[in-house]
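Q: Pasting in a structure now, in structure tokens, and then I'll have a few things to ask.
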Amino acid sequence: MTLPYKRILIPVFSVLMVVGTASSGDATSLLDSQATADGQRDFDWEIGNWHTSVRVLAEPLSESADEWLQFTGTSLVRPLMDRRANVVELKVAGPSGRVEGLNIRLYEPQAKRWSLSFVNMRDGLLTPAVYGGFHNGAGEFYGDDQLAGRPIKVRFLVFRQGPDKARFEQAFSGDAGATWETNWIAIDRRVS
């Protein structure tokens, strides 16, 4: 069985790099106020090194029984261009293989939103972007893609779970967003 890494990991890693937690105290208030002003600082909390535990649905949007694949590894988030962009380097491995990729995130000031695109180093191709931002402490990003030649919708959700932990979920929809199937769940913990 071959995991459709490119289609699953594109939005997933975009989300992995999107949401997180800020440090506690006055720094949190400062970052939150900057993030809510225009969204440009939404990813500041994520800069640094993370341990990543990932569960991936082997055959999303299929009639086959659900089989979840397990991966663990690291992600390194680096700021670019005065934090108006950043890049995430992801390296995870498990019994099913390994995934190495980049997530490129760019802030669009006119639209006050982020675009997230993933590159799987296996094929070096840039995936279609997902777009969105943070509202009430959670990140939501949506886009269009293809899976096995058919059009799908992609949704990424990011949930902060404290200053050093975040949860990322990716889901696909084959019916224009009427229903969603989660196919990626990642838990990131900051490396001290």
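Q: So how many residues does region 77-93 have that are more than 19 Å from Asp123 (Cα to Cα), open to solvent by less than 70 Å² (accessible area, probe 1.4 Å) and more than 15 Å from the chain's Cα centre (by Cα)?
A: As a first pass, look at region 77-93 and keep what is more than 19 Å from Asp123 (Cα to Cα): 77-86.
So of that shortlist, the ones also open to solvent by less than 70 Å² (accessible area, probe 1.4 Å) come out as 77, 79, 85-86.
Next cut, more than 15 Å from the chain's Cα centre (by Cα) only: 79.
The number of residues fulfilling the criteria is 1.
Q: Sticking with this structure for a sec: Looking only at region 101-123, decide whether some residue is among the small types (Gly, Ala, Ser), modelled with pLDDT of 95 or more and under 29 Å from Glu63 (Cβ atoms).
A: no
Q: Assuming Arg55 fulfils every condition listed in (1) open to solvent by 10 Å² or more (accessible area, probe 1.4 Å); (2) over 23 Å from Glu140 (Cα atoms); (3) in contact with a Phe, Trp or Tyr (Cβ under 6 Å, 6 or more places away or on another chain) apart from one, which condition is it?
A: (2)
Q: Can you name the residue in region 94-145 that is of a type in the set (A, V, I, L, M, F, W, C) and open to solvent by 30 Å² or more (accessible area, probe 1.4 Å) and is also nearest to Asp82 (Cα to Cα) among such residues? If you could, list the steps in order and put the result at the bottom.
A: At the first step, the residues of region 94-145 found to be of a type in the set (A, V, I, L, M, F, W, C) are 99, 102, 104, 106, 111, 114, 116, 118-119, 121, 125-126, 129-130, 134, 138, 141.
Add one more test, that the residue is open to solvent by 30 Å² or more (accessible area, probe 1.4 Å), and what stays is 102, 104, 106, 111, 121, 125-126, 134.
Working: Leu102: 19, Ile104: 15, Leu106: 11, Ala111: 18, Met121: 26, Leu125: 26, Leu126: 23, Phe134: 19 Å.
Going through the qualifying residues, I end up with Leu106.
Q: Can you tell me how many residues in region 60-76 are farther than 19 Å from Val92 by Cα and either open to solvent by 70 Å² or more (accessible area, probe 1.4 Å) or without any contact (Cβ under 8 Å) to a residue 40 or more places away in the chain (or both)?
A: Total satisfying the criteria: 5.
Q: Do we have any residue at all in region 162-178 that's among the polar types (S, T, N, Q) and open to solvent by less than 50 Å² (accessible area, probe 1.4 Å)? Steps first, answer last, please.
A: First, pick out the residues of region 162-178 that are among the polar types (S, T, N, Q): 170, 173.
Filter again for open to solvent by less than 50 Å² (accessible area, probe 1.4 Å), leaving 170, 173.
Yes; the residues of region 162-178 include at least one that is among the polar types (S, T, N, Q) and open to solvent by less than 50 Å² (accessible area, probe 1.4 Å).
The values are calculated or read from the model by the stated rules, or taken from the named source; none is laboratory data. A quick note: this is a predicted structure, and the numbers were derived from the prediction, not measured. Note that we place each Cβ from the backbone using ideal geometry, even for glycine, and neighbour counts take in every protein chain shown. Heavy atoms of the whole protein, side chains included, go into the accessibility calculation; ligands, DNA and RNA do not. Shrake-Rupley method; radii C 1.70, N 1.55, O 1.52, S 1.80 Å.
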